[in-house]
Amino acid sequence: MAEKVSLTELQLIIRDSLYLALPDIYWVIAEISELTENNAGHCYLELIEKHQDEKNVRARVKAIIWSNRYRFLKAFFENITGESLREGLKILVKAKVEYHELYGLSLIISDIDPAFTVGEMAMKRQLIIKKLEQDGVFSMNKELTFPAVPQRIAVISSKSAAGYSDFVNHLKGNSFGYVFYTSLIETSLQGTETELSVITALDKIALNSHLFDLVVIIRGGGSQSDLSWFDSYNIAYHVTQFPLPVITGIGHDKDVSVTDMVANRSLKTPTAVADFLIDTVADAENHIIEMSSLITGASRIIIEKNKNRIEASSIKLFPLARIMMSGIKDKLSSEIIEIISIGKELIIRAGLIPANLESRLSSAMKSLTSGKDLVLKRNRERLIADTINCLNSKKVMLKSLENSSQHLNPENILRRGFSITSINGKILKNFKEIKNDDMIDTQLYRGTLKSKVVKIKGR
């Protein structure tokens, strides 16, 4: 039968055996699973090692950094890495194995190598960047068209964060008087909740993306360790897939996170984001003003050019009108002379007929009865009426020709509602002389129209 020992004696045997087997100090690579500081200033940790899948734990041990070393190591580590000792951080520690009969096995840490952690963080960042590039999504959000006038803004931030209030106040107090519409999606932006909180906020905005122009992620000041939570593949991937441009203003001057790298725009602080949005709207306003000036100047040139063209056409039209009127007058004069000549001939003929009849009647009166006088009178009246009717007919014809000449006057034609259409100073007579998008001039009685040909219909 084995020798009987007390529990304390067994614990001491285990301790002595461990000290004999492990007398040295070892450099140990591990990940911080838990970290607490007590009132005395001691730091208690739980160190773990994970499988390559980074999910299942393959080893676990407790560790202690006594207060007299912890004050120095903490300041030294933070100064070199820019990070605080925290859960999830991979470290290289110098430790000695200790076994206590009450508290069991633990590691007493006497030193930490910050260079190892810096390398691990850099390697992790590079692996995330490489994976995003291999997935072909790294620059997707940068390729989105940035809105010319970004005014409807979804904000991912904490309501109590100073950076959020600075951002909103800066937008509202802009010197231009621009109006911005912000909608806050309350989000935790530090600690282990960062990843899930940011992704949830992005998903909420994506469901109503039509209501916004862009998304800003702002956090304000904080420790370097807070920035490391944005070196997350999942956050970065969601940003690359987001349908709206994403701007980050996480609040670090020295370094940028992977989330900053994949965002459409990355600025240092929330107020810098606000300044960028204000400047973008100001640039858009200046561009509109410049375009307005250019359009005004071009319009004046076009008006002046067409005014000169109208004047030139008017100068050309007046001689042409005079020539046309001169021709019409000559034609009318010839017709009037001809009518007068015909009228005179008819009058002469009309005057000879009564004389002949009178002679014939005088010779016949001797043999005719008194009843023949009545016939002669009727014939005489008929001849006079025929002559008058003939003259009146010619007068009407003459008046009609005179009216026709007046109607042919271009000014009277325009006065009656007609118009003269021309292209490049040439009067149009056939639809085949123009084509779509030609600019044509239409002369009215009062004023001129300039038109663009949209559709041509011939017959």
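Nonpolar atom fraction for segment 69-125, defined as the carbon and sulfur part of the 1.4 Å probe accessible area, stands at 57 percent.
Assuming charge only on the beta carbon of Lys and Arg (+1) and of Asp and Glu (-1), the dipole of the chain about its Cα centre is about 6000 debye to the nearest 20. Rounded to the nearest 20, the size of the Cβ-charge dipole of segment 16-146 about its Cα centre is 220 debye, with Lys and Arg at +1 and Asp and Glu at -1. Annotation: per residue accessible area for segment 69-181 equals 55 Å², rounded to a whole number [probe 1.4 Å, protein chains only]. Mind checking which of H287, A272, L320 is farthest towards the positive end of segment 266-322's charge dipole, using Cβ charges of +1 (Lys, Arg) and -1 (Asp, Glu) about the Cα centre? In segment 266-322, that residue is L320.
When nucleic acids and ligands are ignored and a 1.4 Å probe is applied, L346 ends up with an accessible area of around 60 Å².
Based on Cα contacts under 8 Å between residues 6+ apart, segment 417-459 shows a relative contact order of 38 percent. In plain terms, the chain is cut at each of the GluC sites (Glu not before Pro) found in a DSSP loop with at most 15 other Cβ atoms within 10 Å, and the longest leftover piece is 194-459. Per-peptide packing, taken as the mean over residues of other Cβ atoms within 10 Å, places 166-173, 317-324 in the sequence 166-173, 317-324 from highest down. The helix-only estimate of mean residue ellipticity at 222 nm for the chain, built from DSSP H runs of length n ≥ 4 each weighted as -39500 (n - 2.57), is -17500 deg cm²/dmol after division by the residue total. Charge dipole (Cα centre; +1 on Lys/Arg Cβ, -1 on Asp/Glu Cβ; no other charges) of segment 122-169 amounts to roughly 180 debye. I'd like the orientation of helix 371-407 relative to the chain: the angle between its Cα long axis and the longest Cα principal axis, in ° from 0 to 90, rounded to 10. The helix 371-407 is inclined about 30 degrees to the chain. Against the main long axis of the alpha-carbon atoms of the chain, helix 270-365 sits at an angle near 10°. Amide H contacts of L89: I32, each under 5 Å away and 5 or more positions distant or on a separate chain (H built 1.01 Å from N in the peptide plane; Pro and chain starts excluded). Pairs with C-alpha atoms separated by more than 30 Å, drawn from the list K94/K130; K316/K432; K307/K432; K344/K377, are K94/K130. Across q = 0.19 Å⁻¹, segment 59-107 modelled as identical point scatterers on its alpha-carbon atoms has Debye log10 I(q)/I(0) values of -0.75, in the order of the q list. Measuring with a 1.4 angstrom probe and ignoring ligands and nucleic acids, R382 comes out at about 150 Å² accessible. For segment 1-48, the extents of the C-alpha atoms along the principal axes are 45, 27, 18 Å, listed from largest to smallest. For a straight C-alpha distance cut-off of 16 angstrom, the aspartates and glutamates reachable from K399 (same-chain residues fewer than eight places away being disregarded) are D330, E335, E338.
Kindly identify segment 1-122 as rounded, prolate or oblate by the Cα gyration tensor criterion: order the square roots of the eigenvalues as a ≥ b ≥ c, call it rounded if a/c is under 1.5, otherwise compare a/b with b/c, prolate if a/b is larger, else oblate. Prolate. At each listed q (0.14, 0.23, 0.25 Å⁻¹), what is the log10 of I(q)/I(0) that the Debye formula gives for segment 129-209 modelled as equal alpha-carbon point scatterers? Results for segment 129-209 at q = 0.14, 0.23, 0.25 Å⁻¹ read -0.66, -1.21, -1.23. Set Lys and Arg Cβ to +1 and Asp and Glu Cβ to -1, take the dipole of the chain about its Cα centre, and tell me which of G88, T259, N174 lies farthest positive. Toward the positive end, the furthest listed residue is N174. Here the relative contact order of the chain, from alpha carbon pairs under 8 Å that lie six or more residues apart, stands at 9 percent. With a/c under 1.5 counting as rounded, go ahead and sort segment 79-194 into rounded, prolate or oblate using the C-alpha gyration tensor (a ≥ b ≥ c being the square roots of the eigenvalues; past the cut-off, prolate if a/b is larger than b/c, else oblate). Prolate shape, in that a/c is at least 1.5 and a/b is the bigger ratio.
The listed residues W66, W27, W229, once ranked by accessible area (1.4 Å probe) with the largest placed first, stand as W27, W66, W229. Taking a straight Cα-Cα cut-off under 17 Å and skipping sequence neighbours fewer than 8 places away in the same chain, the aspartates and glutamates within cross-link reach of K452 are E433, D437, D438, D441.
Amide hydrogen proximity for S157: with H placed 1.01 Å from N in the peptide plane, the residues at 5 or more positions away or on another chain lying under 5 Å are I185, T187. Take every Cα-Cα pair in the chain and report what % of them are more than 44 Å apart. Result: 57 percent of Cα pairs exceed 44 Å. When Y19, Y164, Y103 are compared by accessible area of protein heavy atoms, the largest-first order is Y103, Y19, Y164, using a 1.4 Å probe. Which whole-angstrom value gives the distance between the alpha carbon centres of segment 51-130 and segment 419-434? If we compute the Cα centre of each part, the gap is 89 Å.
Bridgeable lysines around K96 (alpha carbons under 23 Å apart, same-chain partners fewer than 8 residues away excluded): K50, K62, K74. The angle between the Cα long axis of helix 162-172 and the longest principal axis of the Cα atoms of the chain comes to about 10 degrees, rounded to the nearest 10.
The values are calculated or read from the model by the stated rules, or taken from the named source; none is laboratory data. Values in this document were obtained by computation on a predicted structure and should not be read as measured data. FYI the Cβ positions are ideal-geometry reconstructions off the backbone, even for glycines, and counts take in every protein chain you see. For accessibility, only protein heavy atoms count, side chains too; no ligands or nucleic acids. Shrake-Rupley method; radii C 1.70, N 1.55, O 1.52, S 1.80 Å.
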